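Asker: Sharing a structure with you now.
Since every read-out is calculated from the coordinates, none of them should be taken as a lab result. On a predicted model such as this, the values are computed, not experimentally measured, just so you know. With ideal geometry, Cβ positions are generated from the backbone for all residues, glycine too; neighbour counts draw on all protein chains shown.
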Amino acid sequence: MAKVSMVVNGKPVSGEVEPRTLLVHFLRETLRLTGTHVGCDTSQCGACVVHVDGAAIKSCTTLAVSCEGAHVTTIEGLAQGDRLHPMQEAFRDNHGLQCGFCTPGMIMTAVDMVNRKGNRLDETTIRHELEGNICRCTGYHNIVKAVAAGAANMPAKAAAE
Amino acid sequence: MTATGIGAPVRRKEDFRFVTGRGRYVDDINRPGQAYAFFVRSPHAHANIRGIDASAALAHPGVLSVLTGDDIAADKVGGLICGWAIFNKDGSPMRAGPHPALAQGKVRYVGDHVAVVIAETLAAARDGAEKVAVDYEVLPAAADIAAARKSGAPQIHEAAPNNAVFDWHLGDKAATDAAFARARHVTKLEIVNNRLAPNPMEPRAAVGEYDFGSDSFTLYTTSQNPHVARLVLSAFIGIAPEHKLRVVAPDVGGGFGSKIFIYAEETVCVWASRKVGRPVKWTCDRTEAFLCDAHGRDHVTHAELAIGDNNRIIGLRVHTDANLGAYLSTFASSVPTYLYAPLLSGQYDIPAIYAQVDAWYTNTAPVDAYRGAGRPEATFVVERLVEVAARELRMDPAEFRRANFVRTFPHQTPVIMAYDAGDYEASLKKAQEMHDVKGFGARKAASAAKGKLRGLGYSAYIEACGIAPSAAVGSLGAGVGLWESAEVRVNPIGTVEILTGSHSHGQGHETTFAQLVSDRLGIPIDNVSIVHGDTDKVQMGMGTYGSRSGAVGMSAIYKALDKIEAKAKKVAAHVLEASETDIEFKDGKFTVKGTDKAADFGTIALNAYIAHKFSGQELEPGLKESAFWDPTNFTFPAGVHICEVEFDPADGVVRIDRWTAVDDFGKVINPLIVEGQVHGGIAQGVGQALYEGAVYDEAGQLVTASYMDYCMPRADNLPSYNVGMTVTPCPSNPLGIKGCGEAGAIAAPPAVINAITDALGHENISMPATPEKVWRAAQGVVPRQAAE
Amino acid sequence: MYEFTHHAATSVADAVGALGEGKFLAGGQTLLPTMKQRLAMPGHLVDLGKVAELRGVEEKGDVLVVKAMTRHVEVATSALVARAVPGLEKLAGMIGDPAVRNRGTIGGSIANNDPTADYPAACLALKATIVTNTRRISADDYFTGLFSTALEDGELITAVEFPKAKLHYAKFPNPASRYAMVGVAIVKGADGVRVAVTGSGGDGVFRWSEAEAKLKADFSAGALEGMKADAAGMMSDIHGSAEYRAHLVGVMARRALSES
């Protein structure tokens, strides 16, 4: 077992884990932050995307012990109490989700996209940037709309963390 | 229309929890003392099991138990069932082999369930599973229909000689043959409807829990129909009687049919929880999902269309071979039969139709309903045939369709269905306008100037939804009734809980159903909550599939609301001291005809419970009603989709340039949600047409067992969709709803293939139309401006 | 995954010293999925994530030095890379998806030498030098076959040095995995014209000498008109036959020159 400490959604946390514990399992099982999901085994679906030190990563393809000392933001850390993050609000407003399973990863990817690419995102850019996130319900149409709207509504020079 | 009533694009009530990561899916549930299950699966497509040695696994730290088919047999746990009886042409029943939850002596596909290891942690269970030594006698495998039907093919089930499950037919063969004999033109096509893996993003999961104190079980499971799961687990598999078995399907991350079925893993988890005395949790990984979730489609069809004078279709004849996999899944037999052949009339007035369907066992995963289930296969046959026929007759494909549309209703087809309402011309016209079909020639010329090919394809689909009248499906072999139930509980302060037997796994019932109630009772939508997915809360229900929750589920709510209104009027008569016949109810207010006396809904609800104003002998206190709705007909959503593609013959990568969908779903409760269903359906249909295929090699190994090889449509594979509606209300339910969940997946594949073949100028391409196939098909095809 | 022990290295020396029978963990974007599927089973991992000396991009005379733990996103967005080896930043931006690029590293990619990875084509076309803790290896000698390299046990890549030149790269992604099904990298540099092909070769990344000969005379897409690679020795699977891949090599080579 190894001890791992990190800051998750602004709170210092630590736990004893086997070195083989993936970050997603540390979040889900140790911290019981179950908003981050596992949808595949091969790092393609993106349901597990969280931010580590400000960058979107696939938490199913990262060891918890590799995140020692890191600042991690999950979908649970995006809203301020009842006040949704503009990207969360945009997904709700634009019916950018159906079953909701891919949604946390989509939203975390979208926020990262805006952080890297700015607030004005065209459809081609959004579709390309969503390459690592698979949705089976929406046909992506409303996700693309939601990301564009959420991007426009995020503060310029946005910082999600 | 109010802001939250019928027809309003209400933002979904359920989304707050989903966008904040507070959804509660089965894998999010951990029970105190929970142990973890990992399945030992067959690496062989076909093998006898000579023996299983679990000693090393049992010695592995953390392993609690290893259970096999012998254990499940010793406990007299029944096998998994197929709930739809199909009869052969000669009247004999279909030939179904046993389907044990854990293999008994033989495995029949890669991934088949050999044993389960239950351990303190998932890692220990998986480590233990690798230490279970299984002695296999490997047998030759039949991985597809061609191999299964060959003489001398490996015998998969003793009960099904030559691997033939049934030979079934529908329609008038003599009349159809006669039509072909006098046809002016016959169009023939060989069609492969490719095998698909459903891939809801949430993999299946289950937690089984046994309570010794009450001798009862709870199963948390990723189900589209928890009551059906309970019924099957109780009445057929024999886990426990229904009053001792609670099935909970909480938030479920998509289903598309694959979560209708009662599978081995869920059965084993609930059974094993008593055996090991611990809650038992299993979560499927994606590779297991590819191996063991029921697949969809997998038909091989020879199809013919007979055309008489004036370009009128006079007959349609198909012979379809359907691959049902290694075992008959829960509704497998209904898919290539009654969900398929009755749709072969399409939107067309065809006097004679005959379908012969032969179903086969193979050493592959079971095949069952996947979004559309039978109807996409039928639509692909019909819409490819009419498109090709039009081209052969040198007619505009839209005009050929127009010439053959059903135009009067009701319309009885020669294959069971009685279409009740529709206006196919209206959808076609609107779709052509929205798509700018007129501008296609110019766009094709512009593509040609860049060295690219461009094509346009139509799909005028119809489907039978709202499945459906219980007596009707019973006469066709269904083992259950297909009504739906609802209970309306009005609380004393006037808030309302709706208990429904429908199950939402992305469809937005918590919003749509609440809109109906808000509209009907004149109360704020936030005062309505929808309760579903728990057999301890909802008495009975049939679940969600076949685009039935609106047409059937909401009709049950509507019927229960009728009863609520009637009862509330009695209460109001006492409260307002008037005759019951003088009470009127509108916009949430009870009034007395011709007076200014009024009481709002909440006041009447309160009085129903306080019961001070009437005697309990003449009127029961309380305000709670339930209803079962059994429809009188299927519903018939229909529409026209137009797909336009462009590709470079140099690489064959098809890009969908634009997509227009005009659908007639009858009355629409929430257009935002309905359009979302259309988008998602189209994406799955495009997936089938361009990207997806579950492929086994000759030995029966699944080649496409992860997203590395199974091509899921991604955002950059798809366009934005241009979606419109036409409305002919459905006459067979009080809301006029037809259903929208499957339409896109049904409509899309032929639209894509018709567009590609239009660009190619020949018909020689199969699904999925991968870049290599398109590149090969485009050899020698020179980009030109529009033909003629 | 099987159980293993984990060491978070603090320096190259510490990493090499701690390796034993284990494996180095760079970004983990290939190694971890492989371990999850239990296809790889190292008993010990030396995590390079915190080794600061392995991170960063710098200019050293005629070469661009990309240190081994530099993430794809850092190469993709580096102004220095875009100036020193224009085209390399675009190639890095085509690897995986944004989240993968935020973790994956050049050293990890090169050490793994997946036949469908992008970086090997860039290294071979640019005639990069793979720098390890013990020696310098020319790209010509480094890539030795499928998932196979000249690295010895315990040898750690510390940097990749790219001669300054313009890199032309076009990629045909596998429709399912999005790895390269065919990726063609073309460079006209001090060593003449070099064309390297990834994604399709049965032995991994390879030089396409026929194309090089044509481009030597005329460095343009037009010079490759009608050319395709030899289908013998090409990979073949459900996504593309050897013949299709051989054809795509020609298409992608032309696109590399006409579009980048």
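Asker: What translational D, rounded to a whole number of µm²/s, comes out for chain B from Stokes-Einstein when the hydrodynamic radius is the Kirkwood one over Cα pairs, at 20 °C and 1.002 mPa s?
Answerer: Rounded, D is 78 µm²/s.
Asker: Go through the stretch B:680-770 and name the GluC sites (Glu not before Pro) that are in a DSSP coil and have 15 or fewer other Cβ atoms within 10 Å of their Cβ.
Answerer: Listed in order of number, the matching sites are B:698.
Asker: Name all residues of the stretch B:365-400 having a backbone nitrogen under 17 Å from the label point set 7 Å from the Cα of residue B:448 along its Cα→Cβ direction, giving them as ranges.
Answerer: none
Asker: Placing +1 at every Lys and Arg Cβ and -1 at every Asp and Glu Cβ, with all other atoms neutral, what dipole size does the stretch B:483-629 have around its Cα centre, in debye to the nearest 20?
Answerer: 140 debye
Asker: Between residue A:71 and residue A:153, what FRET efficiency comes out of the Förster formula 1/(1 + (r/R0)^6) with R0 = 30 Å and r the beta carbon distance, rounded to 0.05?
Answerer: 0.80
Asker: For chain B, what is the mean residue ellipticity at 222 nm derived from helices alone (per DSSP H run of n ≥ 4: -39500 (n - 2.57); sum divided by total residues; nearest 500 deg cm²/dmol)?
Answerer: -7500 deg cm²/dmol
Asker: Also, I was wondering about something else. Place +1 on the Cβ of every Lys and Arg and -1 on the Cβ of every Asp and Glu in the protein assembly as shown, take the dipole about the Cα centre, and give the residue among B:193, B:300, B:720 whose Cα lies farthest towards its positive end.
Answerer: Most positive-ward Cα: B:720.
Asker: Same structure again: Relative contact order, percent, of the stretch A:2-77 when contacts are C-alpha pairs under 8 Å separated by at least 6 residues?
Answerer: Contact order relative to length: 40 percent.
Asker: Okay, next question. Counting only DSSP beta bridges with both residues in chain B, what percent are antiparallel, rounded to the nearest 5?
Answerer: 80 percent
Asker: Under 1.5 on a/c is rounded, so check that first for the stretch C:124-230, then, if it is not, pick prolate when a/b is larger than b/c and oblate when it is not; a ≥ b ≥ c are the square roots of the alpha carbon gyration tensor eigenvalues.
Answerer: Judged from the Cα gyration tensor, the stretch C:124-230 comes out oblate (a/c at least 1.5, b/c at or above a/b).
Asker: Let me ask you something else. Among DSSP beta bridges lying fully in the protein assembly as shown, give the percent that are antiparallel, nearest 5.
Answerer: Around 80 percent antiparallel, to the nearest 5.
Asker: According to a simple spin-label model (label point 7 Å from Cα along Cα-to-Cβ), what is the distance in nm between residue B:699 and residue C:136?
Answerer: Taking the two extended label points, one gets 4.7 nm.
Asker: Further question on the same structure: Structure shown: which of A:145/B:738; B:567/B:667; B:429/B:559; A:157/C:90 lie over 32 Å apart, alpha-carbon to alpha-carbon?
Answerer: Where the Cα-Cα span goes over 32 Å, the pairs concerned are B:429/B:559.
Asker: Right, next: Could you point to the residue in C:69, C:45, C:57 farthest towards the positive end of the stretch C:1-81's charge dipole, with +1 and -1 charges on the Cβ of Lys/Arg and Asp/Glu respectively?
Answerer: Positive-most Cα among the choices belongs to C:45.
Asker: Testing the spin-label approximation: label points 7 Å from Cα along Cα→Cβ at residue B:164 and residue C:147. State their distance in nm.
Answerer: Between residue B:164 and residue C:147, the simple spin-label model gives 4.6 nm.
Asker: Further question: Return a whole-number percent for the relative contact order of chain A, with Cα pairs under 8 Å and 6 or more residues apart as the contact set.
Answerer: Value for chain A: 25 percent.
Asker: Same structure again: Treating the beta-carbon of each Lys and Arg as +1 and of each Asp and Glu as -1, no other charges, what is the dipole magnitude of chain B about its Cα centre, to the nearest 20 debye?
Answerer: With Lys and Arg at +1 and Asp and Glu at -1, about 740 debye.
Asker: Compute the FRET efficiency between residue C:37 and residue A:117 as 1/(1 + (r/R0)^6), taking r as their Cβ-Cβ distance and R0 = 30 Å, and round to the nearest 0.05.
Answerer: Rounded to the nearest 0.05, the efficiency is 0.35.
Asker: While we're on this one: Quote the relative contact order of the stretch B:483-629 in percent (integer), defining contacts as alpha-carbon pairs under 8 Å separated by 6+ residues.
Answerer: Taking the mean separation of contacting Cα pairs over the length of the stretch B:483-629, I get 33 percent.
Asker: Hey, what do the phi angles of the stretch B:622-636 turn into as Karplus ³J(HN,Hα) couplings, whole Hz, using 6.51/-1.76/1.60 and θ = phi - 60°, x for Gly and Pro?
Answerer: After applying 6.51 cos²θ - 1.76 cosθ + 1.60, I find x, 9, 8, 9, 10, 8, 10, 10, 10, x, 9, 7, 5, 10, 10 Hz.
Asker: What FRET efficiency, computed as 1/(1 + (r/R0)^6) with R0 = 30 Å and r the Cβ-Cβ distance, is obtained for residue B:784 and residue B:182, rounded to the nearest 0.05?
Answerer: According to the calculation, E is roughly 0.20.
Asker: Counting other Cβ atoms within 10 Å of each Cβ, which GluC sites (Glu not before Pro) in the stretch B:107-202 have at most 13 and sit in a DSSP loop?
Answerer: B:158
Asker: If one computes the Cα centroid of the stretch B:215-255 and of the stretch C:50-86, what distance in Å separates the two points?
Answerer: Cα centres, the stretch B:215-255 to the stretch C:50-86: 56 Å.
Asker: Length gain on complete extension for the stretch residue C:207 to residue C:14, per 0.36 nm per residue less the alpha carbon to alpha carbon distance?
Answerer: 65.8 nm
Asker: Okay, moving on. Of the DSSP beta bridges with both residues in chain A, give the percent that are antiparallel, rounding to the nearest 5.
Answerer: 90 percent
Asker: Just from the alpha-carbon atoms, what are the Rg and Dmax of the protein assembly as shown in angstroms?
Answerer: 30.8, 105
Asker: For the stretch A:52-95, what does the convex hull of the Cα positions come to per residue, in cubic angstrom?
Answerer: Hull volume normalised by residue count: 95 Å³.
Asker: Next question, about the same structure. Would you grab the residues whose amide H sits under 5 Å from the one on residue B:694? Only those 5+ places off in sequence or on another chain, please, with H modelled 1.01 Å from N.
Answerer: Here the answer is B:195, B:196, B:197, since their amide H atoms fall under 5 Å of that of residue B:694.
Asker: Okay, moving on. Using the basic label-point model (7 angstrom from Cα toward the beta carbon), what is the residue B:762 to residue B:11 distance in nanometres?
Answerer: Output for this residue pair reads 5.5 nm.
Asker: Right, next: Taking the Cα centre of the stretch B:226-336 as origin and charging only Cβ (+1 Lys, Arg; -1 Asp, Glu), how large is the dipole, in debye to the nearest 20?
Answerer: Using Cβ point charges on Lys, Arg, Asp and Glu, the stretch B:226-336 gives about 580 debye.
Asker: Please sort by residue number the chymotrypsin sites (Phe, Trp or Tyr not before Pro) in the stretch B:156-225 whose DSSP state is loop and whose Cβ has at most 11 other Cβ atoms within 10 Å.
Answerer: Here the chymotrypsin sites (Phe, Trp or Tyr not before Pro) that fit, given the DSSP loop and packing criteria, are B:212.
Asker: Let me know the mean shielding of B:646-655 by other chains, meaning the per-residue number of their Cβ atoms within 10 Å of its Cβ.
Answerer: For peptide B:646-655, the averaged partner shielding equals 2.
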